[in-house]
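As structure tokens, the structure follows; a few thoughts come after it.
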Amino acid sequence: MSLSAVTCAPAPPASPPKDAARGHGVEVTTDRTSYRAGDPMTLTVHNRGADTVSFNPCTRTLEAERGGSWSAFPEPARICTMEAWMLAPGESRAGPTELPGDLAAGRYRAVLGLRRRSW
């Protein structure tokens, strides 16, 4: 399976670039371009924007491409702690997540929600 990392602010793009997507000066990349079901994955967030952002790599959404459109892959048993990893302008940070063990071969993307600091 192949995987692209994308950011979402406020909604994921319809068609992400092959290896990463940019949104509001933030780039999210994965440590590899191919994975197997159940593999660990590292998401690296690069903040090239002017605002501090927060994120949690565990709370990413995995989407599958089917027929030219993207839809969320359900993970009802997924549990994450609610954390806010702060990332100032110019900083990068990597965080772990894992892929479900029941993924079929295909093309997937990880959508990572980001929030701009509002205080």
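Bear in mind these aren't lab numbers, they're just calculated from the coordinates by the rules spelled out. Nothing here was measured: the structure is a model prediction, and the numbers come from that model. Here the Cβ positions follow ideal geometry from the backbone for every residue, glycine too, while neighbour counts run over all protein chains shown.
Look at where the Cα atoms of the range 54-87 and of the range 88-110 average out, and the two centres are 8 Å apart. Among the GluC sites (Glu not before Pro) within the range 19-102, which fall in a DSSP loop and have no more than 16 other Cβ atoms within 10 Å of their own Cβ? Within the range 19-102, the qualifying GluC sites (Glu not before Pro) (loop, at most 16 other Cβ atoms within 10 Å) are 83, 91. The residues packed around residue 63, meaning those with a beta-carbon under 13 Å from its beta-carbon, carry a net charge of +2 if Lys and Arg are +1 and Asp and Glu are -1. The 3J(HN,Hα) values that the Karplus relation (6.51, -1.76, 1.60; θ = phi - 60°) gives for the range 82-88 are, in residue order, 8, 10, 10, 8, 8, 9, 6 Hz. Gly and Pro appear as x.
What's the Cα-based Rg to Rh of the range 19-117, Rh via Kirkwood? Don't skip to the answer; put the middle values down first.
Working: Rg = 13.7 Å, Rh = 14.2 Å.
In the range 19-117, Rg relative to Rh is 0.96.
Calculate the spin-label point distance for residue 71 paired with residue 37, positioning each point 7 Å from the Cα along the beta-carbon direction, and give it in nanometres. Using points 7 Å along Cα→Cβ, the separation is 1.8 nm.
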